[in-house]
Structures are given as structure tokens and as C-alpha cells.
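Right, one structure below, let's go through it.
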Amino acid sequence: MYSVDTNIYLDWWERRYPDDLFPTIKTHVEALIASGKWRSVQGVADEIIHIGTPRLKAWTKATPGQFLSHDAALLKEATAITAAYPGLLDPYARHDEADRYVIALAKLHSWAVVTHETPARSKKHAVRTHFIPDVCRGLGVPCIDLLELMRREKWSFR
């Protein structure tokens with residue numbers, strides 16, 4: 001089971017895995033959604049609607065079941081994450097970022113976080129002291145990227 005970060009959607013649709021080269025990724029993702037193995041939080045859907053391309057926004061709206069609401073348990077866990085790792089919050093963000101909710105969802109259900117973020121130590125001039133991989137490591141939550149998810153799920157593009 002996977003808790004998916006916003007950047008995975010943006011990278012898949014817009015940056016790393018274009019559908020002219022990887023036409024079956026959408027089919028694979030939709031199969032994981034249908035099986036309940038691919039989930040995210042409403043905050044990720046909100047970020048996609050705010051910054052995604054028109055095609056990604058339309059697909060997000062057409063597949064709402066993959067985005068789970070911020071219920072009381074998720075809010076409590078996200079608040080605990082923020083208290084333990086205040087450096088996860090971007091001091092310049094103009095909206096409530098989804099990162100802590102993505103991590104909280106994974107922690108609550110013993111899932112893996114799927115993100116393309118890298119740890120703080122790998123960044124030059126980072127505005128934050130913690131990123132998703134840092135917090136996941138501290139909490140013992142598995143953290144992988146989309147390529148690793150593809151390997152775990154044995155996706156093929158031949």
C-alpha cells in the first residue's frame with residue numbers, strides 16, 4: 001500500500017514519464033487505485049487542482065476515490081508530525097502543504113510513502129530543515145520513489 005505525494009503526480013504526468021513513451025502507466029496506476037493500494041490525501045488533490053495541468057486536474061477530479069479525507073485520526077497524526085518535525089513546514093508556503101498528511105496516512109496504515117523529494121542533506125540552500133524522506137526515516141516509515149514502486153509492482157513497459 002502506498003501514500004502518494006503531489007510531486008509523483010506532477011512528475012508522472014508532466015516531467016518524467018510522458019504518456020507518449022509510457023502509455024500504460026495510467027492503466028497501472030488506475031489498477032492500483034481500484035485495488036486500494038494507491039492512495040493519497042485530500043491535500044494532495046487540492047495541490048494538484050491548484051498547480052497541475054488541465055489534463056491532470058481533469059483526471060484528479062474523475063478519480064476522487066484515491067484521495068482520502070483529513071479525518072480526525074489523520075489530523076491528530078499530522079499534528080504530532082508537525083510538533084516533532086517543525087522544519088518540515090515551508091516557511092514561505094501560502095497554503096497548507098500536504099507533506100505531513102501524506103506521511104501521517106502512511107504511518108497510520110503502515111504503508112510506504114511515494115515521493116520524489118530528497119533529504120535535506122542533499123540540498124543546497126534548503127529553506128527547510130526536513131523533507132519527507134527525513135521525517136519518514138525518523139518515524140520508521142518506508143519512503144520510496146515512483147521507480148521503486150514500479151519495481152515492487154513488477155510493471156513492464158516492453
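The values are calculated or read from the model by the stated rules, or taken from the named source; none is laboratory data. Predicted model, so just to flag it, every value in this text is computed and none were measured. Reconstructed Cβ throughout: ideal geometry from the backbone, glycine too, with neighbour counts over all protein chains shown. Note: areas computed on protein heavy atoms with side chains; ligands, DNA, RNA excluded. Shrake-Rupley method; radii C 1.70, N 1.55, O 1.52, S 1.80 Å.
Quick check, is F131 touching a Pro at 6+ places or on another chain (Cβ under 7 Å) and under 25 Å from Y17 (Cα atoms)?
yes
Being hydroxyl-bearing (S, T, Y) and in contact with a Ser or Thr (Cβ under 9 Å, 6 or more places away or on another chain) narrows it down to one of Y85, Y92, so name that one.
Y85
For the range 1-20, give me each residue that is over 20 Å from A62 (Cβ atoms) and without any contact (Cβ under 8 Å) to a residue 12 or more places away in the chain.
R15, D20
Restricting the search to the range 8-61, which residues are out of contact with any Ser or Thr (no Cβ under 8 Å at 6 or more places or on another chain), of a type in the set (K, R) and closer than 18 Å to E117 by Cα?
Those that are out of contact with any Ser or Thr (no Cβ under 8 Å at 6 or more places or on another chain), of a type in the set (K, R) and closer than 18 Å to E117 by Cα: R15, R16.
Quick grid of which residues meet (1) among the small types (G, A, S); (2) in a loop (DSSP other than H, G, I, E, B); (3) at negative phi; (4) surrounded by fewer than 19 Cβ atoms within 10 Å (Cβ to Cβ):
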position	(1), (2), (3), (4)
R55	no, no, yes, yes
T79	no, no, yes, yes
D90	no, yes, yes, yes
I103	no, no, yes, no
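Write out, first by first residue and then by second, each pair whose Cβ atoms fall under 7 Å of each other, whose residues are 6+ apart or on separate chains, and whose first residue, in the range 56-79, is more than 12 Å from S40 (Cα to Cα) while the second is among the basic types (K, R) and open to solvent by less than 50 Å² (accessible area, probe 1.4 Å).
From residues that are more than 12 Å from S40 (Cα to Cα), the pairs are A78/R100.
Here is a yes/no grid of residues against (1) open to solvent by 60 Å² or more (accessible area, probe 1.4 Å); (2) under 23 Å from C136 (Cα atoms); (3) assigned to a helix (DSSP H, G or I):
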| residue | (1), (2), (3) |
| --- | --- |
| S3 | no, yes, no |
| N7 | no, yes, yes |
| L10 | no, yes, yes |
| E14 | yes, no, yes |
| P18 | no, no, no |
| L21 | yes, no, no |
| K26 | yes, no, yes |
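Regarding the range 69-76, can at least one residue be identified that is in contact with a Phe, Trp or Tyr (Cβ under 9 Å, 6 or more places away or on another chain) and surrounded by fewer than 19 Cβ atoms within 10 Å (Cβ to Cβ)?
Within the range 69-76, one or more residues are in contact with a Phe, Trp or Tyr (Cβ under 9 Å, 6 or more places away or on another chain) and surrounded by fewer than 19 Cβ atoms within 10 Å (Cβ to Cβ).
Filter the range 106-128 down to the residues that are open to solvent by 60 Å² or more (accessible area, probe 1.4 Å) and either under 19 Å from A83 (Cβ atoms) or in contact with a Leu (Cβ under 8 Å, 6 or more places away or on another chain) (or both) and list them by number.
Within the range 106-128, K107, L108 qualify.
Out of everything in the range 129-153 that is in a loop (DSSP other than H, G, I, E, B) and either more than 23 Å from E14 (Cβ to Cβ) or modelled with pLDDT of 95 or more (or both), what residue ends up being least open to solvent (accessible area, probe 1.4 Å)?
V141
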